[in-house]
1. Would you please name the residue that is modelled with the lowest pLDDT, looking only at residues in the stretch 95-148 that are of a type in the set (Asp, Glu) and open to solvent by 20 Å² or more (accessible area, probe 1.4 Å)?
2. Looking only at residues in the stretch 18-51 that are modelled with pLDDT under 80 and open to solvent by 100 Å² or more (accessible area, probe 1.4 Å), which one is farthest from Gly161 (Cα to Cα)?
3. Cβ contacts < 6 Å: first residue assigned to a helix (DSSP H, G or I), restricted to the stretch 42-64; second residue modelled with pLDDT under 90, any location; separation 6+ or different chain. Result?
4. Taking Ile17 as the residue in question, decide whether it is assigned to a helix (DSSP H, G or I), in contact with a helix residue (DSSP H, G or I) (Cβ under 6 Å, 6 or more places away or on another chain) and over 30 Å from Asp85 (Cβ atoms).
5. Residue check, Gly152 against (1) open to solvent by 20 Å² or more (accessible area, probe 1.4 Å); (2) at pLDDT 85 or above; (3) in contact with a strand residue (DSSP E or B) (Cβ under 8 Å, 6 or more places away or on another chain), all met but one. Which one?
6. Taking Glu81 as meeting all but one of (1) under 28 Å from Gly152 (Cα atoms); (2) surrounded by 15 or more Cβ atoms within 10 Å (Cβ to Cβ); (3) at pLDDT 85 or above, write down the number of the exception.
7. Every residue in the stretch 65-87 that is closer than 19 Å to Ser114 by Cα, in contact (Cβ under 8 Å) with a residue 24 or more places away in the chain and either in contact with a Gly (Cβ under 7 Å, 6 or more places away or on another chain) or hydroxyl-bearing (Ser, Thr, Tyr) (or both), please.
Amino acid sequence: MKHFRNLLKSTFYIIGIFAIILFSSCRSYYKIVSVPSTNNVAKAASLDSLKNMGREFIIRNGNSAFYASSLSINSNESSMECVLDKLAAENRLYVSRGINGKKWFTGIKSSDYSVLNEVHLYTEPDNSMSMGNNKIYLDKIQKIEIIEKDKGRTTTSHLLGALAITATLLAVIVTLVALSNPFTF
């Protein structure tokens, strides 16, 4: 009977450990890729290319963040014109550095994947920037960041989740077999 209790106790510990692994895995991660742009011509080309890809633009101005729509790039003036608006809830994930700052998203809702379509433009702090029509000079853009899926971390997370499920099922099966055959103790 003592062996039975020890086996049952060990099985619950194994299930608990793998449950913790399971709950901390099966996540989708994103990464930030900085676009090297040393001059206004390169910035204009990068922004135009990203616009043609259908990316969503987020303007980061100091502590403020705006959603930029109707983006128009004027290479001759080295500027872009856009309409700034409040950020929607689905565009706030990277602004707050992901869930708990870990650069991951659940992927349960389709809106979770919108972070993978974002481009963040960091500008010099400018108090004149507000919602509505704005003209932003390209030399005021300090940094351009593209959000992409981190395939390596996401794959590792999902593999750990699959391993946890498999190991937990095996532990349960071994326990059930051992409990059904009490003479093996």
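1. Asp112
2. Filtering first and then ranking leaves Thr38.
3. Lys43/Ser37; Ala44/Ser75; Ser46/Val35; Ser46/Ser37
4. No; evaluated as a whole, the condition is false for this residue.
5. (3)
6. It fails just one condition, (1).
7. Tyr67, Leu84
The values are calculated or read from the model by the stated rules, or taken from the named source; none is laboratory data. Everything quoted here is computed from the prediction, not taken from an experiment. FYI the Cβ positions are ideal-geometry reconstructions off the backbone, even for glycines, and counts take in every protein chain you see. For accessibility, only protein heavy atoms count, side chains too; no ligands or nucleic acids. Shrake-Rupley method; radii C 1.70, N 1.55, O 1.52, S 1.80 Å.
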